[in-house]
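> Take this structure first; my questions come after.
The values are calculated or read from the model by the stated rules, or taken from the named source; none is laboratory data. The model shown is predicted, which means the values in this text are computed figures rather than measured ones. Cβ: placed from backbone, ideal geometry, glycine included. Neighbour counts: every protein chain shown. The area values use the complete protein model at the heavy-atom level, side chains included, leaving out ligands, DNA and RNA. Shrake-Rupley method; radii C 1.70, N 1.55, O 1.52, S 1.80 Å.
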Amino acid sequence: MTFDDIHQASLRLIGKVSRTPLLESTRLNQWLGQRILFKTECLQTTGAFKLRGATNFIASLQEQGNIPRHIVANSSGNHAQAVAYAASQAGIPVTIFSTKNISEVKAAATEDYGAELRLYATRPEADEAVKQAAKQEGVVWIPPFNHPLIVAGQGTATLEAIQDADHVDAVFAPCGGGGLLSGSLLATRHLAPHAKVIGAEPLLVNDAARSLQSGVIESLSGPVSTLADGAATPSVGDVTFPILQQLDDFYEVNEQQIAYWTQWLQHLLKLHVEPTSAMSMAAVAAWAVNSPKGQTAVVILSGGNISKATMTKVWDTDYLLQPPIIE
């Protein structure tokens, strides 16, 4: 893959995907001693960056005149909504394969966009079911992250952010399967080659970190519960992993830090931010302390679809009683 894939994706998305704004918090900038710009994909049409990859995939099929009879996808939530919405816009029926522990709000939105939702006990079962469904004639499978068209679409978020920011010293994004983070790296290396690209994932779901350490793709041994459910993928993919290996740094974030920064970002930015989005702030704080002051970082706020149950867990302890401790 090259930056041209992302550039072509950006052209396909014109008029189909929102160009989300960059926001910042003066108080947070003062605390960190850096300028932190947030690419607010939580304000995207379906509430997450995933719409970019799904729309790029379908638009590419349309360009080729290869319009499928039916679309299938596997997802824990945000990709499901994105595919359901993008397919509905293209007038193509869609079935989503997911797990029974899918966020209720994401499941409801997926069905509201017109998709049929099939639920399975585990992620591997859902993944196997979608593979079988994709073997039917006229059916196209849109994977959640491990495809060049998906990576290219997700990379347009960083492309826009760097263009709008003018100057960037570091880019931060969460890592599940690696589609967003891979696209962020490809875009940054071309548009701001001096800038660092840094990823983060939940400590409880650290397959990507273990993969980067071992040099081979590692998988989770079973389902794991984390506040950052958008990053709870079994493993990265053979498309995303070679790109992730070019990262400048990578952080594993514990559940307390995820809740901590979810509260603070919601408070400072006045936005409905998913824990998966806020997770990157643990990496930003570490970078800020160990970098010269006055630099500019972009943080991709990946989504804002959060259920009542998860919100309750996030706010189980109130972390807003004193300003963030940066160390």
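> Could you tell me the relative contact order of region 50-141? Use alpha-carbon pairs under 8 Å, at least six residues apart, and round to a whole percent. Could you put the intermediate results ahead of the total?
Numbers: 156 pairs, mean separation 28.4, N = 92.
Value for region 50-141: 31 percent.
> Would you check the accessible area of Met311, probe 1.4 Å, heavy atoms only, in square angstrom rounded to 10?
Approximately 40 Å² for this residue.
> In square nanometres, what is one fourth of the surface area of the convex hull spanned by the alpha carbons of the chain? Mind showing how you got there, number by number?
On the way: hull surface 60.2 nm².
Averaged projected area of the chain's Cα convex hull equals 15.1 nm².
> Now a separate question. Give the Rg/Rh ratio for region 50-141, taking Rg as the radius of gyration of the Cα atoms and Rh as the Kirkwood radius, to two decimals. Walk me through the intermediate numbers first.
Details: Rg = 12.2 Å, Rh = 12.9 Å.
Radius of gyration over Kirkwood radius for region 50-141 works out to 0.95.
> Follow-up question, since we're still on this one. Tell me the GluC sites (Glu not before Pro) within region 116-190 that lie in a loop according to DSSP and have at most 13 other beta-carbon atoms within 10 Å. Before the final figure, lay out each step's value.
Details: sites: Glu116, Glu125, Glu128, Glu137, Glu160; in loops: Glu137.
Passing both the DSSP loop test and the Cβ count: Glu137.
> What is the dipole size for the chain, taken about its Cα centre, with +1 at each Lys and Arg Cβ and -1 at each Asp and Glu Cβ, in debye to the nearest 20?
Details: 22 positive and 30 negative charges, 91 e Å.
Roughly 440 debye, rounded to the nearest 20.
> So how tilted is helix 78-90 from the main axis of the chain? Cα-based, degrees 0 to 90, rounded to 10.
Result, in degrees: 50.
> Over region 274-327, with the other protein chains present, what is the accessible area per residue in square angstrom, probe 1.4 angstrom? Write out the running numbers ahead of the final one.
Values: 2370 Å² over 54 residues.
Result: 44 Å² per residue.
> Using modelled backbone amide H atoms (1.01 Å from N, in-plane), which distant-in-sequence or interchain residues come within less than 5 Å of Val171's amide H?
Amide H to amide H, under 5 Å and 5 or more residues apart or across chains, Val171 pairs with Lys196, Val197, Ile198, Val298.
> Given a cut-off of 31 Å, name the pairs among Lys100/Lys196; Lys16/Lys131; Lys50/Lys313; Lys106/Lys293; Lys106/Lys131; Lys100/Lys135 whose C-alpha atoms lie farther apart than that in the structure shown. It would help to have the intermediate numbers written out before the result.
Numbers: Lys100/Lys196 38 Å; Lys16/Lys131 28 Å; Lys50/Lys313 24 Å; Lys106/Lys293 39 Å; Lys106/Lys131 22 Å; Lys100/Lys135 24 Å.
Result: Lys100/Lys196; Lys106/Lys293 exceed 31 Å.
> Here's a follow-up. Angle between the Cα long axis of helix 280-289 and the longest principal axis of the chain, 0 to 90 degrees, nearest 10?
Approximately 30 degrees, to the nearest 10.
> For every helix of n ≥ 4 consecutive DSSP H residues, a contribution of -39,500 (n - 2.57) applies; sum these over the chain, divide by its total residues, and give [θ] at 222 nm rounded to the nearest 500 deg cm²/dmol. Walk me through the numbers on the way to the answer.
Details: 14 runs with 143 residues, N = 327.
That comes out to -13000 deg cm²/dmol.
> Name the long-range amide H neighbours of Leu117: under 5 Å, sequence gap of 5 or more, or other chain; modelled H, no Pro or chain starts.
For Leu117, whose amide H was placed from the backbone, the distant partners under 5 Å are Ile96.
> Right, here's the next one. Under a 5 Å amide H to amide H cut-off, with H placed in plane at 1.01 Å, what residues pair with Tyr251 once short-range neighbours are removed?
Gly199, Ala200, Glu201
> Sort region 193-298 into rounded, prolate or oblate with this rule: let a ≥ b ≥ c be the square roots of the eigenvalues of the Cα gyration tensor; rounded if a/c is under 1.5, and if a/c is not under 1.5, prolate when a/b is larger than b/c, oblate otherwise. Mind dumping the intermediate values first?
Working: a/c = 2.20, a/b = 1.20, b/c = 1.83.
Verdict is oblate for region 193-298.
> Same structure again: May I ask you to give the percent of accessible area on region 50-141 that is carbon plus sulfur, with a probe radius of 1.4 Å?
Values: 1870 of 4020 Å².
Of the solvent-accessible surface of region 50-141, carbon and sulfur hold 46 percent.
> For region 177-201 and region 1-69, compute the distance between their C-alpha centroids and round to whole Å.
Computed from Cα coordinates, the inter-centre distance equals 13 Å.
> Helix 148-165 versus the longest principal axis of the chain: what angle, 0 to 90°, nearest 10, using Cα atoms?
In the chain, helix 148-165 runs at an angle near 30 degrees to the longest axis.
> Just to confirm, what accessible area per residue do you get for region 50-141 at 1.4 Å probe, in whole Å²? Mind showing how you got there, number by number?
Details: 4020 Å² over 92 residues.
Computed with neighbouring chains in place, this is 44 Å² per residue.
> Something else: If you roll a 1.4 Å probe over the heavy atoms of the protein chains, what accessible area per residue do you get for region 149-239, in Å²? Intermediate results must be reported in sequence, preceding the final value.
Details: 2900 Å² over 91 residues.
Dividing the accessible area of region 149-239 by its residue count gives 32 Å².
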